[in-house]
Amino acid sequence: MLFPTVAFAVFFLIAFAVSWLLRPSYRVWLWVMTVLSFVFYGYANARFVWLLATSIVVSWGFGMAVFRTLAADGGRTPASTNLVRAAVVVDLGLLGCFKYYDFFVDSFADATRAIGLGVSPPLLEVALPVGISFFTFHAISYVIDIGRGQLRPLRLDELALYMSFFPHLVAGPIVRASEFAPQMQAPADPRHIPSGEAFRLIAFGLFKKVVVSSFVATALVDPVFGAPAAYGRLDLLVGVYAYAIQIYADFSGYTDIAIGCALLLGIRFPQNFNAPYRALSLQDFWRRWHMTLSRWLRDYLYIPLGGNRDGVARTYRNLVLTMVIGGLWHGAATTFLVWGAIHGGFLALERYVKEWWHERVPEPALPAPLTAVLQWVLTFHVVCLAWIFFRADSVGTAFDMIGGIVSGTQPSELVTTFLLVTIILMLASQFVPAHAVERAQQRFTAMAPAVQVGVLASALTIVDVLGPEGVAPFIYFRF
Amino acid sequence: MHADLDRPSSRPPAVARRRSQARARHGEQPAGRILAAMLVSLSLAALVNADALVQRAESKPLGPARDRSLAIWHPVQDVAHVTQLSRLRDLGDWLVGNEDEGGAGVPVVAGPTTTVPPEVGRPALRTPAAGAPLRVYIGGDSIVRDAGDAFLRIAGDSPLFDITLHYENATGLTRPDFFDWPAALADDMAADRPEVAFVLFGGNDAQGIIAPDGGTYPGPSDPGWKQEYARRVGGVMDALRADDRIVFWIGLPPMREDGFNGRAELMNTIFRDEAGRRPWMTYVDTHPIFGDESGRYVERKPDQKGDLVGLRQKDGIHLSSPGAERLARALLDLIDDEIQTVRATASTTSTTTG
């Protein structure tokens, strides 16, 4: 089920009423909300509902087994460590089957052809189950956290709702069991629902996804990335900026709606985006972009790899490795690998240059505002450079884009004033202070009910009027 | 424990009001009030946008889901018209310059079955030159988008070609209420005056169709459907005719899913038959490019070096970049073959007459 549809609006009304009516009966609430979440997942295509159910049952089994093998003081034992490893292998195996099987078979077939054997195992050729990456992340973090003694196992019905809870099910944010379970288990007060914040998130999320993302995609991004050779340097350059806006509007729009819906149901998800395009460094960018994935990669990949504990060289290696693996998580393609390598490489370079600079130039060489502007310009353009590889269908297309930006001669065909204004306004929105947003929320909740209704209906109408026919799937659905 | 959505308070009104104000200061509201606000605002939004919702329901494939949607939204539309709330949406559309697509209703393309004038021959394609590029048009659904983009990549910079690509995702010839290709093609032909046109349709056409007589036909296996679809295909082919234009109708490639492949083959038969009756038309069979020795769907085929290359996207329908490039090169070869044939004919004629 897609968020910006009438079907979801009706579904959510039912889920909202049922959830608050049943919340006092905890077990009944758990079961009903889990069933509703499975209905949400299987609404368009029920083919992979079994996969979600299997992942939940397997994670529950491993969670219980790992907990039983922990030491009396909650410390790790060899058995618990091995069980955690086995759980990770099973989870990643399931993910790998669907996400990387065809890629590996292709590579294997090419390799055997090169040595004259020509073995071609059958391809799986199935569509990637929606949300598999995200529920796999939840499953892995759940078992690892138990293995680390940071979490007690959940009951099967609790785990089922944690992993399948429909607001985060298909594209995050990635919520830890230690964040979700206490909110799920504690009695919730139906008199204190942060509706101002929730409605603001949902309305702006819809606007970003349905209006902004769709507009820049069809007006500029899709044409220029489809045939870079056919367009001039201005079209290509602005096309890259437009893609930066598209992917932000699309993904942050989705998670805003998810967070808003969860808030209305009495569950607060962690923040997933915090004005990422105002970042002044790559490190800062990753503290603001897809924050729950960054946190996941840090805690379950970067730190287990050694983090910054084993010297400078190892730290750089771990940074690059983490980002490359994060890139490959998006799909088995060279373009994603290059995207990860650019981020990892620049994170390492940035760290090195900062240390070098501070050692040699203790006093600021430039006025602070100018330094900030230069840092912002550099960071934004490194992120945009990486986005070129992320969006392009091949590394060759990405280089065509870069080549066209450097040496393209055709006049601009697609860039319009309206497009430029949209991009600039979206960038400017990153600098809106948080207290202004909070004041607007409070004003909304203080409004008379009739005015609130008018505001909400107007917001829905504006999104529908400005949006295109139909709703394109969210970009992150395919990851 | 809170069994009710909005627990009635036994406290004095002033105390209750102060608490309500405090909640508002924190941006909070009780569940009952939120539910009411959502219900009323969604109902209001449905009334204001009723015309758009009906249009969206009408654009769904013919069948029970479409009928159910229309059964829900038509009464809402009636109420919206009585209360004049739909005018607010009209105002919004007018302000942002949205085209009025209302009233498309029944998806029908009327008009008689076209016939080919007996005196029409095959137009002679001229040889392009740097100063006089050949005007090439590529149009159709999202499958032609892949091939068109590849064509632009290969020949976009050439001074010999002036290329126009017009694709519309999720469109075809069965649902002119969703996108009216006959009208769009007429506009495109008038504006661009192409000398070579490549068109590809059918990727979204395996759905119900309504004939001008009101007959509803569920899909390509139905004789009524075939007759009506052939009439539309023939009508488009006739509308594409010009004295200086060769038109290539690109057949659908083999599809991975058996059922869909069968429907695509039925449509290909119609394209081939209709094109065969018109001298300015050429049907392009894509099975040699995308199929195995028997023309069946294959994911990958070897390239010139012998490495296996994926020709199709993950959906088993659209073309990958290498697949699209193969088709684009085949289309360029078709232009070249056509020019060579014209030259050979001219040479034979001049030899005979000279």
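The values are calculated or read from the model by the stated rules, or taken from the named source; none is laboratory data. The structure presented is a predicted model; accordingly, all values stated were derived computationally and were not measured. Neighbour counts run over all protein chains shown; Cβ positions are idealised from the backbone, glycine included. Ligands, DNA and RNA are stripped out before the accessible areas are found, and what is left, the full protein with its side chains, is counted by its heavy atoms. Shrake-Rupley method; radii C 1.70, N 1.55, O 1.52, S 1.80 Å.
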Run down A:229, A:219 and say which single residue is open to solvent by 20 Å² or more (accessible area, probe 1.4 Å), more than 22 Å from residue A:383 (Cα to Cα) and outside any loop (DSSP other than H, G, I, E, B). A:229
The stretch A:321-334, subset within 18 Å of the chain's Cα centre (by Cα) and not aliphatic (A, V, I, L, M), residue surrounded by the fewest Cβ atoms within 10 Å (Cβ to Cβ): A:331
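Of everything in the stretch B:26-69 that's among the polar types (S, T, N, Q) and either facing chain A (nearest Cβ under 7 Å) or not in a loop (DSSP other than H, G, I, E, B) (or both), which residue is surrounded by the fewest Cβ atoms within 10 Å (Cβ to Cβ)? Lay out the reasoning, then the answer.
Taking the stretch B:26-69 first, the residues among the polar types (S, T, N, Q) are B:29, B:41, B:43, B:49, B:55, B:59, B:69.
Cutting the leftovers down to either facing chain A (nearest Cβ under 7 Å) or not in a loop (DSSP other than H, G, I, E, B) (or both) gives us B:29, B:41, B:43, B:49, B:55, B:69.
Numbers: B:29: 28, B:41: 20, B:43: 14, B:49: 28, B:55: 20, B:69: 19.
Selected residue: B:43.
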Looking only at the stretch B:298-314, decide whether some residue is open to solvent by less than 40 Å² (accessible area, probe 1.4 Å), assigned to a helix (DSSP H, G or I) and of a type in the set (A, V, I, L, M, F, W, C). no
Candidates B:294, B:321 - the one that is farther than 30 Å from residue B:231 by Cβ, in contact (Cβ under 8 Å) with a residue 24 or more places away in the chain, out of contact with any Lys or Arg (no Cβ under 7 Å at 6 or more places or on another chain) and of a type in the set (Ser, Thr, Tyr): B:321
In the stretch B:301-321, what residues are among the polar types (S, T, N, Q) and touching a strand residue (DSSP E or B) at 6+ places or on another chain (Cβ under 6 Å)? B:320
Would you check which residues across the stretch A:412-431 are open to solvent by 60 Å² or more (accessible area, probe 1.4 Å), away from chain B (no Cβ under 14 Å) and in contact (Cβ under 8 Å) with a residue 12 or more places away in the chain and list them? A:420, A:431
Odd one out for residue A:287 among (1) buried (at least 19 other Cβ atoms within 10 Å of the Cβ); (2) at pLDDT 90 or above: (1)
With the checklist (1) more than 20 Å from the chain's Cα centre (by Cα); (2) surrounded by 23 or more Cβ atoms within 10 Å (Cβ to Cβ); (3) not in a helix (DSSP H, G or I) in hand, flag the one item residue A:172 doesn't pass. (1)
Note: among A:393, A:400, just one is part of a helix (DSSP H, G or I) and touching a residue at least 24 places away in the same chain (Cβ under 8 Å), namely A:400
Restricting to the stretch B:243-276, name every residue that is in contact with a strand residue (DSSP E or B) (Cβ under 8 Å, 6 or more places away or on another chain), of a type outside the set (S, T, N, Q) and not in a loop (DSSP other than H, G, I, E, B). B:246, B:247, B:248, B:249, B:250, B:271, B:272, B:274, B:275, B:276
Can you tell me which residue is farthest from the chain's Cα centre (by Cα) among those in the stretch A:440-454 that are open to solvent by less than 50 Å² (accessible area, probe 1.4 Å) and of a type in the set (Val, Ile, Thr)? A:453
Residue list for the stretch A:17-44, filter: surrounded by fewer than 20 Cβ atoms within 10 Å (Cβ to Cβ), under 26 Å from the mean Cα position of the chain (by Cα) and touching a residue at least 60 places away in the same chain (Cβ under 8 Å): A:38
